[in-house]
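These notes concern the structure reproduced below.
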Amino acid sequence: MKQARRRQSRTCLTFVMTILLGTICLGGLAILVGFGLIPQMANDAFGAPVSTLSPFQRTYLSLQLLIHQDALTLPVNPEAQPVQFLVKEGETANSVATRLYDLGLIRDREAFRAYLIYSGKDTRIRSGTYTLSAAMNALEIAGKLQDPLSQEVVFNILPGWRAEEIAASLATSGINVNAESFLEAVRQGKEGEEPLASYEGFLFPGSYRFLRDVTAEEMVQAFYHEFERSVTEDLRNAYAQRGLSLVEAVTLASIVQREAVVTEEQPLIASVFYNRLQQNMKLDSDPTVQYALGYGEAWGTWWKVPLTLNDLSVDSPYNTYLYPGLPPGPICNPGLSALQAVAYPAETPYFYFRAACDGSGRHLFARTFEEHLQNACP
C-alpha cells in the first residue's frame with residue numbers, strides 16, 4: 001500500500017514538473033521571439049537602432065516606438081506654417097523634446113525622446129536656429145535637428161569693405177547667393193525720396209543672421225535697413241547743417257573710414273577734408289585712387305598699396321588728386337564711427353595729414369604744406 005502511494009506521488013510530481021517545464025519553455029520561447037520579432041519590426045518601421053544599445057534597451061525602445069507609431073509618423077497639423085526653433089548650445093535632448101511638445105510641434109514627448117535614443121540622434125542634436133513646422137512628423141523634425149549645417153548663417157561685413165569684398169566673402173559663407181547676383185542687387189539702387197544709384201556705402205557693417213536660401217535682394221535690403229536704423233535723424237540733421245546730402249555725407253564717411261586706421265582719429269581726418277572742401281582744395285585722398293584702380297592681379301587686393309605716381313594720374317571721377325570736391329559716390333561701406341565723425345568732426349586748423357613713421361597707424365597732422373613735408377619719414 002505504501003509503495004503504491006509513493007508511486008502515485010512520484011507520478012503527480014512528474015506531471016507537475018512537466019507542466020512547469022513546459023510553461024517555462026513556452027515563456028522562454030515567447031521572450032526569445034519577443035527579443036527577435038519586436039526589434040525587427042521596429043527596424044523595418046524606423047530604421048536600424050544605434051549599435052550601443054543593449055539587447056534589453058533595444059527591445060524596450062523598439063516596443064515603445066511600435067506602440068506610439070502614429071505619434072511619431074503623423075504630423076500635429078498638416079496645415080501649420082513654419083516657425084523658428086532655437087537649440088541652445090549644450091541643450092539636452094530631453095529639454096529639446098519638452099520644448100517641441102510645448103510648442104505643439106510633436107504629438108508625444110516621451111515617444112520622441114525614445115526615438116532619439118533608439119536612433120542615436122539624442123547625442124547628435126546640433127545647436128542653431130531651425131525652421132520647423134507642425135506639418136512635419138516627429139521623425140522629420142528629429143532628422144532636421146541633426147543637420148551639422150545650421151539653417152541660419154552668421155554673415156559679417158567689416159567697416160571699409162567695398163561691395164566687391166562683401167560679394168567675395170559669400171563663397172565661403174554657406175549662403176546660397178553668388179557674387180554676381182549680389183553685385184547686381186547692389187547696383188540696382190533704389191528710387192523714392194532718397195534715390196540711390198547704388199547701395200555701395202549703404203551696406204551697413206556688422207553681424208547678420210541669414211537663412212541659407214536668402215536671396216541677394218533680401219541681403220541687400222537687410223544691410224540697408226540696418227543703415228536706416230543706425231543713421232538717426234540727429235545724424236541726418238547734422239549732415240544737412242554742414243551742407244551735405246545723405247549720399248555726400250556717406251561718401252565723405254567712406255573716405256574717412258579708409259583713411260583712418262585708429263578710430264579715434266576719424267573726427268580729425270574728417271576735419272581736414274572739411275577744411276579742404278571749404279577752401280576749394282582737392283581732397284588728394286589715396287583711397288579714392290585705390291577705389292578707381294579696383295582689383296589687380298599684380299597686387300592681389302582691392303586696395304593697392306603703395307600707390308605710384310602713375311596711379312595718381314589715373315583718369316577717373318573718383319580720383320580726388322585730379323578732380324575737386326567729393327567723388328561721385330561712396331568708395332566703401334563706412335561704419336557708424338566714421339558716419340558720426342562726418343556729422344561731428346573735430347574743429348582743427350589742419351589741411352594735411354600723413355602716416356606717422358612709428359608703425360602705429362596714427363597720423364601726423366599739419367596746417368601748412370611746409371609742415372606736412374617736415375612730417376615725412378626720414
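Here are some notes:
- Residue 80 being closer than 20 Å to residue 140 by Cβ, assigned to a helix (DSSP H, G or I), modelled with pLDDT under 95 and aliphatic (A, V, I, L, M): no
- Positions within segment 353-377 being buried (at least 21 other Cβ atoms within 10 Å of the Cβ) and in contact with a Lys or Arg (Cβ under 8 Å, 6 or more places away or on another chain), in sequence order: 363
- Hits in segment 275-311 (condition: open to solvent by 40 Å² or more (accessible area, probe 1.4 Å), within 18 Å of residue 331 (Cα to Cα) and assigned to a helix (DSSP H, G or I)): 277, 286, 293
- Counted residues, segment 123-153 - those being at pLDDT below 80 and over 21 Å from residue 210 (Cβ atoms): 0
- A single member of 216, 171, 185 is without any contact (Cβ under 8 Å) to a residue 12 or more places away in the chain and more than 14 Å from residue 340 (Cα to Cα), and it is 171.
- All conditions in (1) at pLDDT below 95; (2) more than 30 Å from residue 263 (Cα to Cα); (3) open to solvent by 60 Å² or more (accessible area, probe 1.4 Å); (4) in a helix (DSSP H, G or I) hold for residue 171, with the sole exception of (2).
- Scanning segment 227-245 for any residue that is in contact with a strand residue (DSSP E or B) (Cβ under 9 Å, 6 or more places away or on another chain) and open to solvent by 30 Å² or more (accessible area, probe 1.4 Å) turns up nothing.
- Scanning segment 203-213 for residues that are within 20 Å of residue 180 (Cβ to Cβ), in contact (Cβ under 8 Å) with a residue 60 or more places away in the chain and buried (at least 18 other Cβ atoms within 10 Å of the Cβ) yields a total of 1.
- Per-region count, segment 83-103, residues modelled with pLDDT under 90 and over 18 Å from residue 131 (Cβ atoms): 2
The values are calculated or read from the model by the stated rules, or taken from the named source; none is laboratory data. If you're wondering where the values come from, they're calculated on a predicted model, not measured in any experiment. Cβ: placed from backbone, ideal geometry, glycine included. Neighbour counts: every protein chain shown. Areas reflect the complete protein model, heavy atoms only, side chains present, ligands, DNA and RNA absent. Shrake-Rupley method; radii C 1.70, N 1.55, O 1.52, S 1.80 Å.
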